[in-house]
Amino acid sequence: MLNFKYPFLLLTCFLPAIGFSQLNPEGLQDDKSKPENLHTDIESRINAWELQREGAFIHFVERDTTQDKIQIYHPIYKNAITNTYTGNYGGAYLPNNFFSRQYHTGFLFLQTHDAYLLTPHNVRYYNTTTPYTFLDYSQSENKNRKNETRFNVLHTQNINPDLNVTFRFDQARSQGQYIEQEHKNNFIALYSSYITDQYSFHGGFISNRIGNDENGGMKDDSQIFDDVILFNLVDTRSEYRSNYFYATSEYKIGSWVDSLNTKVAVQERKADSLFFLPRFSFLSYLEYSTNLRQFTEE
């Protein structure tokens, strides 16, 4: 009986080389086989920034694609090292450091959930030479008991060198450490930016949804080690909602100058050595928002 083990192993080793040898070497192809439009590789570059003071200032930030500090998945610990909160993802919290209590929403009942929200004041804008998509999924060790799950999506791309469109969707769910403590929160956003030398625009739509089951705390703290724990509330729930339509724009007035700071004519603006020098600008900011906090008891 023949042994095909070693001949088969040698064949699989040389198959990639055999397959590659079927390609015509560069420069020996017929002109008819060449595509009419040759596509050149585009270097992928991503610029990111945030607006401050309703668009009066632009703060550039780094887009960290290496996932530095990925272990800090809980948003309440992004800006504070110690917090008081209900014990699971999505619940109300309060930074123990008084000076860390900086909120992006003016709605009082949502300030205890500020870290889970996306508002016009903490949106990050992008400008990229190639489409960029980021997916983030994480789950606790035991998916059937006290489960915590996060799923985030970010997609951004430029329509042209000046116009960018970004889509974001974040969703999180936590069953909680005790009964009647399930939390769900998510937001969806579609926004855009348009920047030229003289004019800039930022605007979009944001929708936040948060749902928390409420148990009112244990009736007796001594029950914490018991198998059955009685709570003060049953079948109660809090719903939080916020929606934003916003737009900010700036029009700059100035002159086109060359490297020697000399004014040039309007028809010469397209030269690479010229840049726009603003003197003053007109800034406008428009925001329409709705907020809701609803407490229900069955």
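The values are calculated or read from the model by the stated rules, or taken from the named source; none is laboratory data. Here the structure is a predicted model, which is why all the values come from computation and not from measurement. Here Cβ is always computed from backbone atoms with ideal geometry, including for glycine, and neighbour counts include all displayed protein chains.
Being of a type outside the set (D, E) and touching a helix residue (DSSP H, G or I) at 6+ places or on another chain (Cβ under 8 Å) holds for only one residue in Y137, Y85, Y125, and it is Y85. Kindly indicate the residue of the range 202-236 that is charged (D, E, K, R) and under 28 Å from the mean Cα position of the chain (by Cα) and also farthest from L163 (Cα to Cα) among those meeting that condition. That would be D213. The set of residues from the range 125-136 being closer than 11 Å to R45 by Cβ and either surrounded by 13 or more Cβ atoms within 10 Å (Cβ to Cβ) or modelled with pLDDT of 95 or more (or both) comprises Y126, N127, T128, T129, Y132.
Restricting N127, N97, N144 to those that are of a type outside the set (D, E) and in contact with a Phe, Trp or Tyr (Cβ under 9 Å, 6 or more places away or on another chain) reduces the list to N127. Within the range 143-153, the set of residues being surrounded by 10 or more Cβ atoms within 10 Å (Cβ to Cβ) and free of Cβ contacts under 8 Å to residues at least 24 places away in the same chain comprises K143, F151, N152, V153. Among the residues making up the range 159-183, those that are closer than 23 Å to R124 by Cα and crowded, with 18+ Cβ neighbours inside 10 Å are N164, T166, R168, D170, A172.
In the range 108-120, the residue that is nearest to the chain's Cα centre (by Cα) out of those that are within 19 Å of N79 (Cβ to Cβ) and in contact (Cβ under 8 Å) with a residue 60 or more places away in the chain is L118.
Count of the range 139-159 residues, restricted to those that are closer than 17 Å to G176 by Cβ and part of a strand (DSSP E or B), is 4.
Is it the case that some residue within the range 196-214 is out of contact with any strand residue (DSSP E or B) (no Cβ under 7 Å at 6 or more places or on another chain) and closer than 26 Å to A48 by Cβ? Yes. Taking first residues from the range 163-186 that are in contact (Cβ under 8 Å) with a residue 40 or more places away in the chain and within 12 Å of Y116 (Cα to Cα) and partners that are part of a loop (DSSP other than H, G, I, E, B) and of a type outside the set (S, T, N, Q), the Cβ contacts under 6 Å between residues at least 6 apart in sequence or on separate chains come to A172/Y89; A172/G90; H183/G90; H183/G91; N185/G90.
Matching residues to (1) in a loop (DSSP other than H, G, I, E, B); (2) at pLDDT below 60:
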site	(1), (2)
L15	no, yes
E36	yes, yes
K69	yes, no
I76	no, no
A80	yes, no
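Does N122 count as closer than 15 Å to A189 by Cβ, touching a strand residue (DSSP E or B) at 6+ places or on another chain (Cβ under 6 Å) and surrounded by fewer than 17 Cβ atoms within 10 Å (Cβ to Cβ)? No, not satisfied.
Pairs linking a residue in the range 87-100 that is assigned to a loop (DSSP other than H, G, I, E, B) to a residue that is among the acidic types (D, E) and surrounded by 13 or more Cβ atoms within 10 Å (Cβ to Cβ), with Cβ atoms under 9 Å and 6 or more positions apart or on different chains, are N88/E148; N88/E182; Y89/E148; G90/E148; G90/E182.
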